[in-house]
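Beneath this line is the structure, given in structure tokens, with notes to follow.
The values are calculated or read from the model by the stated rules, or taken from the named source; none is laboratory data. No experiment lies behind these values; they were computed from the predicted model shown. Note that we place each Cβ from the backbone using ideal geometry, even for glycine, and neighbour counts take in every protein chain shown. Heads up: the accessible areas ignore ligands, DNA and RNA and are worked out on the full protein's heavy atoms, side chains in. Shrake-Rupley method; radii C 1.70, N 1.55, O 1.52, S 1.80 Å.
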2 protein chains.
Amino acid sequence: MKVREGGSDSGRLYAYYQLHGTAEQVEVIARALTVEETIEFPAELVTDPEINENVIGRVEGIEAIGEGCHDVAISYSVEVTGWELPQLINVLFGNCSMWPGVRLVDVSVPDSLLQRFSGPRFGTAGIRELLGADSRPLLATAIKPMGTSAEVFAEMVFECAAGGVDIIKDDHGLANQPYAPFSERVARCGDAVRAANDRYGTRALYMPCVNAPVDELDARVDLALESGAGGLLVLPGIGGYDVIRYLASRSPGCVPIMAHPSMLGALVLDESEGIAPGLVFGSLPRLAGADLSVFPHSGGRFSFSREDCSSIAEHCRAGLGSLSETIPAPGGGMTLEHVPEVAAFYGNDVAILVGGDLHRGPLRKSAESFRDRLERIA
Amino acid sequence: MKVREGGSDSGRLYAYYQLHGTAEQVEVIARALTVEETIEFPAELVTDPEINENVIGRVEGIEAIGEGCHDVAISYSVEVTGWELPQLINVLFGNCSMWPGVRLVDVSVPDSLLQRFSGPRFGTAGIRELLGADSRPLLATAIKPMGTSAEVFAEMVFECAAGGVDIIKDDHGLANQPYAPFSERVARCGDAVRAANDRYGTRALYMPCVNAPVDELDARVDLALESGAGGLLVLPGIGGYDVIRYLASRSPGCVPIMAHPSMLGALVLDESEGIAPGLVFGSLPRLAGADLSVFPHSGGRFSFSREDCSSIAEHCRAGLGSLSETIPAPGGGMTLEHVPEVAAFYGNDVAILVGGDLHRGPLRKSAESFRDRLERIA
């Protein structure tokens with residue numbers, strides 16, 4: 001099924017599943033799904049007709065698409081979501097995550113629900129404005145390796161910014177380890193990015209990783225913002241998608257949010273179960289409010305296909321009410337040689353995430369080479 | 001590999017993976033894993049010997065266990081976790097969740113890290129004391145179906161408590177929908193459970209579902225506790241495991257925490273990837289501090305095997321430093337007829353979660369039948 005444009009006309013939430021089995025089996029599973037994801041109760045025992053009519057989901061269509069595989073559209077009343085992201089996710093794929101042969105492949109969110117979400121606060125246009133980058137692909141990197149001191153990380157941030165990297169994030173494994181404690185790291189790196197921007201007229205953003213314990217999240221974000229962080233790296237696979245929404249909406253100090261795919265691979269890898277990559281790395285982070293979404297580009301050291309990647313980009317950008325776009329940030333083993341192919345594949349509205357390869361020479365020089373390559377694409 | 005007892009002697013964090021491929025491939029993948037889950041950086045570019053020695057993980061053993069499948073032990077320095085649950089999870093299965101053919105099957109947490117976690121605050125003994133249930137299996141249920149008013153839910157709570165149900169939780173899909181808004185629901189259900197306990201001398205606990213937006217979590221928990229909630233139902237698959245830890249450690253008002261498996265199925269279903277059920281429904285919720293862990297019993301409407309279920313129970317109970325046990329709470333289509341088999345399978349330290357079947361007759365009478373059946377087992 002194709003990506004839907006905006007909310008469904010009916011005002012209902014549509015979920016598109018792929019179910020495995022014979023036509024007869026799939027019809028039974030589809031009907032069971034409408035119950036499992038809502039009332040989770042024997043339908044024959046429901047006495048209130050309102051519940052049968054408006055709380056249990058509805059099978060809207062079943063279509064064979066191949067050997068023992070069917071596309072199934074199920075619609076849910078918006079009320080079952082309570083207009084909240086955690087319960088929306090629970091309705092779409094809560095209990096049925098435990099059913100074999102059920103994959104959530106797409107979602108169409110009606111306007112009444114979309115209006116409750118602000119989506120990316122910056123989006124493509126906002127991020128480009130912050131960075132002063134009109135049309136070229138963006139360059140992102142991560143400070144690494146873990147084990148490095150905060151002082152040395154700050155030097156890396158300075159060199160990357162000086163070399164023209166747009167977004168310099170913490171490696172996603174940087175938490176609050178003794179090697180480079182969070183508070184020292186963000187203070188030093190915040191200073192470094194400011195110093196480089198001041199000296200070279202660049203506008204690089206430093207984005208620390210806030211994969212924090214629940215009760216430390218606010219304190220770390222406060223520290224980060226006070227230190228001059230220009231964005232936040234969030235791991236929805238570990239802390240939940242709602243952390244993105246919370247941080248994107250948190251005031252004061254609205255900064256760009258970048259989502260990282262840690263732990264989310266288990267959702268997408270097996271094509272007969274889980275959730276399709278377009279939702280996991282596109283629609284869900286976007287709905288939550290991620291301005292950038294990191295995922296592995298095909299051909300790197302991960303296993304995503306080109307179809308997966310183009311579906312992610314499509315879900316980051318396709319019409320979704322009035323929500324801004326999320327910028328796809330493909331990574332996972334990017335080298336200078338990948339740049340033209342990646343830019344051609346995603347178009348210019350992309351943040352190319354280069355990790356270790358930037359360190360193969362002096363950092364500033366490597367960054368300049370990448371930036372130069374990107375400037376020539378624009 | 002067998003479940004380990006307590007922390008590993010070496011003081012390092014051990015992760016046991018199953019990797020798929022030939023012996024040569026697996027050796028390469030194992031070594032790559034030690035880098036991917038820590039420094040995520042080309043190992044040949046690391047200049048600091050301390051990072052090579054103590055930050056990158058170590059392959060501790062590889063053993064062929066069948067057709068193209070190998071058990072692999074990898075150890076990590078405890079420092080890489082920063083002694084925090086979100087980063088611990090990130091080290092164990094962050095980026096490698098995106099690698100095909102990699103499954104995390106077990107973990108051995110050293111004492112130095114275990115000591116940072118308080119685990120279940122009540123555990124088997126504490127929950128039995130709260131409930132006044134010396135040795136029999138416990139009876140748990142959920143108020144449902146969604147769409148029911150708070151007033152009617154409160155009547156259900158009263159009837160279930162009167163009939164001898166120990167733990168009456170919200171259905172995990174009850175959030176803050178208009179049918180039964182959270183504040184009204186917890187107020188009415190809190191009153192109802194207190195009224196029944198007062199009248200009948202029972203000690204039932206009502207546990208509302210707090211699958212809340214990040215910025216509403218504290219307010220909902222406060223409301224729940226003020227209303228007399230005797231525990232909290234948490235969905236780590238949606239809000240992250242650290243929410244369990246946070247709520248278990250939150251003061252004032254330390255109440256039992258029950259973990260629900262929503263969304264977590266995608267982690268366990270495909271046996272060549274993801275994470276083994278014993279970790280997902282046993283070790284991880286236990287480390288975080290869940291007193292009870294809900295999961296589908298084999299043979300119900302989900303797809304867990306008997307081996308999965310006994311592994312979960314084992315991980316809920318096996319020695320883990322000084323951490324209390326988590327009580328397994330098998331559910332998913334339990335009927336009165338299942339009770340003897342389930343009790344025989346898990347032993348008496350179990351909470352049998354009965355959902356819809358309790359509603360097949362008058363609620364109090366059904367509850368009494370279940371309770372009676374359980375009393376006869378003790």
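Of all the listed residues (A:Leu223, A:Leu233), the sole one being outside any loop (DSSP other than H, G, I, E, B), of a type in the set (A, V, I, L, M), in contact (Cβ under 8 Å) with a residue 40 or more places away in the chain and within 25 Å of A:Asp349 (Cβ to Cβ) is A:Leu233. Return a yes/no flag: does region A:144-163 have any residue that is outside any helix (DSSP H, G or I), open to solvent by less than 10 Å² (accessible area, probe 1.4 Å) and either β-branched (Val, Ile, Thr) or not assigned by TED's automatic domain parsing to the domain that holds A:Gly321 (or both). No; the residues of region A:144-163 include none that is outside any helix (DSSP H, G or I), open to solvent by less than 10 Å² (accessible area, probe 1.4 Å) and either β-branched (Val, Ile, Thr) or not assigned by TED's automatic domain parsing to the domain that holds A:Gly321 (or both).
Sort out which residues of region B:240-279 are under 15 Å from B:Ser293 (Cβ atoms) and in a helix (DSSP H, G or I), and write them in order of number. Show your work before the answer.
Taking region B:240-279 as the starting set, the residues that turn out to be under 15 Å from B:Ser293 (Cβ atoms) are B:241, B:243-245, B:247-248, B:256-265, B:267-268, B:275-279.
Answer for region B:240-279, where residues must be under 15 Å from B:Ser293 (Cβ atoms) and in a helix (DSSP H, G or I): B:Val243, B:Ile244, B:Arg245, B:Leu247, B:Ala248, B:Gly265, B:Leu267, B:Val268, B:Pro277, B:Gly278, B:Leu279.
Does B:Thr47 count as surrounded by fewer than 21 Cβ atoms within 10 Å (Cβ to Cβ), β-branched (Val, Ile, Thr) and within 14 Å of chain A (Cβ to nearest Cβ)? The answer is yes for B:Thr47.
Within region A:347-366, the residues that satisfy the criterion of being over 11 Å from A:Glu159 (Cα atoms) and outside any helix (DSSP H, G or I) are A:Gly347, A:Asn348, A:Asp349, A:Val350, A:Ala351, A:Ile352, A:Leu353, A:Val354, A:Gly355, A:Gly361.
Among residues of region B:311-322 being open to solvent by 30 Å² or more (accessible area, probe 1.4 Å) and more than 14 Å from the chain's Cα centre (by Cα), the one that is farthest from the other protein chains (Cβ to nearest Cβ) is B:Gly319. Test B:Ala313 against the criterion of being touching a Gly at 6+ places or on another chain (Cβ under 9 Å) and touching a residue at least 60 places away in the same chain (Cβ under 8 Å), and give yes or no. The answer is no for B:Ala313. Within region A:193-219, being open to solvent by 10 Å² or more (accessible area, probe 1.4 Å) and in a helix (DSSP H, G or I) holds for A:Arg194, A:Ala195, A:Asn197, A:Asp198, A:Arg199, A:Tyr200, A:Val214, A:Asp215, A:Glu216, A:Leu217, A:Asp218, A:Ala219. When A:Gly66 is tested against (1) small (Gly, Ala, Ser); (2) closer than 20 Å to B:Gly333 by Cα; (3) open to solvent by 10 Å² or more (accessible area, probe 1.4 Å), exactly one condition is not met: (2).
For B:Thr38, state whether it is crowded, with 17+ Cβ neighbours inside 10 Å, within 29 Å of the chain's Cα centre (by Cα) and not in a helix (DSSP H, G or I). Quick ask: steps written out before the conclusion?
Numbers: crowded, with 17+ Cβ neighbours inside 10 Å: yes; within 29 Å of the chain's Cα centre (by Cα): yes; not in a helix (DSSP H, G or I): yes.
Taking the combined requirement at face value, the residue satisfies it.
Exactly one residue out of B:Glu307, B:Glu337 is more than 14 Å from the chain's Cα centre (by Cα), more than 27 Å from B:Ser369 (Cα to Cα) and either assigned to a helix (DSSP H, G or I) or not charged (D, E, K, R) (or both), and it is B:Glu307. Among the residues making up region A:45-89, those that are touching a His at 6+ places or on another chain (Cβ under 9 Å) and in contact (Cβ under 8 Å) with a residue 12 or more places away in the chain are A:Ile62, A:Ala64, A:Gly68, A:Cys69, A:His70. When region B:272-310 is filtered for residues that are of a type in the set (Lys, Arg) and crowded, with 24+ Cβ neighbours inside 10 Å, only B:Arg286 remains. For B:Asp111, the test of being surrounded by fewer than 24 Cβ atoms within 10 Å (Cβ to Cβ) and acidic (Asp, Glu) is passed. Of everything listed in (1) closer than 30 Å to B:Ala162 by Cβ; (2) out of contact with any strand residue (DSSP E or B) (no Cβ under 7 Å at 6 or more places or on another chain), the single unmet condition for B:Phe295 is (2). Can you confirm whether B:Gly147 is within 12 Å of chain A (Cβ to nearest Cβ) and at positive phi? Answer is yes for this residue.
Which residue is nearest to B:Pro145 (Cα to Cα), if the candidates are limited to region A:68-91 and must be in a strand (DSSP E or B) and of a type in the set (Val, Ile, Thr)? Let's see the steps before the verdict.
Here is the first cut: in region A:68-91, the residues in a strand (DSSP E or B) are A:69-76.
Then drop every residue that is not of a type in the set (Val, Ile, Thr), which leaves A:72, A:74.
Working: A:Val72: 24, A:Ile74: 19 Å.
Selected residue: A:Ile74.
Considering the conditions (1) more than 23 Å from B:Ile275 (Cβ to Cβ); (2) open to solvent by less than 60 Å² (accessible area, probe 1.4 Å), B:Glu337 is excluded by exactly one of them, (2).
The single residue among B:Leu130, B:Leu139 that is surrounded by 22 or more Cβ atoms within 10 Å (Cβ to Cβ) and in contact (Cβ under 8 Å) with a residue 60 or more places away in the chain turns out to be B:Leu139. The one condition from (1) aromatic (Phe, Trp, Tyr); (2) within 8 Å of another protein chain (Cβ to nearest Cβ); (3) over 23 Å from the mean Cα position of the chain (by Cα) that A:Tyr76 does not meet is (2). Would you check if A:Ala344 is in contact (Cβ under 8 Å) with a residue 12 or more places away in the chain and more than 10 Å from chain B (Cβ to nearest Cβ)? So A:Ala344 fails the test.
Is it true that A:Glu375 is part of a helix (DSSP H, G or I) and open to solvent by 10 Å² or more (accessible area, probe 1.4 Å)? Here the answer is yes, as A:Glu375 does meet what is asked. Do we find that A:Asp242 is within 8 Å of chain B (Cβ to nearest Cβ), open to solvent by less than 20 Å² (accessible area, probe 1.4 Å) and closer than 16 Å to A:Ser118 by Cβ in this structure? Against the criterion (within 8 Å of chain B (Cβ to nearest Cβ), open to solvent by less than 20 Å² (accessible area, probe 1.4 Å) and closer than 16 Å to A:Ser118 by Cβ), A:Asp242 qualifies.
Can you confirm whether region B:63-81 contains a residue that is closer than 21 Å to B:Gly239 by Cα and at pLDDT 95 or above?
Of all residues in region B:63-81, those closer than 21 Å to B:Gly239 by Cα come to B:81.
Those left that are additionally at pLDDT 95 or above: B:81.
Checking region B:63-81: at least one residue is closer than 21 Å to B:Gly239 by Cα and at pLDDT 95 or above.
When region A:254-285 is filtered for residues that are in contact (Cβ under 8 Å) with a residue 60 or more places away in the chain and touching a Cys at 6+ places or on another chain (Cβ under 6 Å), nothing remains.
Sort out which residues of region A:92-103 are at the interface with chain B (Cβ under 7 Å from one of its Cβ atoms) and either open to solvent by less than 10 Å² (accessible area, probe 1.4 Å) or assigned to a strand (DSSP E or B) (or both), and write them in order of number.
Start the filter on region A:92-103 by keeping residues that are at the interface with chain B (Cβ under 7 Å from one of its Cβ atoms), which leaves A:93-95, A:97-100.
Once the filter is applied, which keeps residues that are at the interface with chain B (Cβ under 7 Å from one of its Cβ atoms) and either open to solvent by less than 10 Å² (accessible area, probe 1.4 Å) or assigned to a strand (DSSP E or B) (or both), region A:92-103 yields A:Phe93, A:Gly94, A:Asn95, A:Ser97, A:Met98.
Could you check region A:252-271 and list, in sequence order, the residues that are more than 8 Å from chain B (Cβ to nearest Cβ) and more than 21 Å from B:Gly239 (Cα to Cα)? Once the filter is applied, which keeps residues that are more than 8 Å from chain B (Cβ to nearest Cβ) and more than 21 Å from B:Gly239 (Cα to Cα), region A:252-271 yields A:Pro252, A:Gly253, A:Cys254, A:Val255, A:Pro256, A:Glu271.
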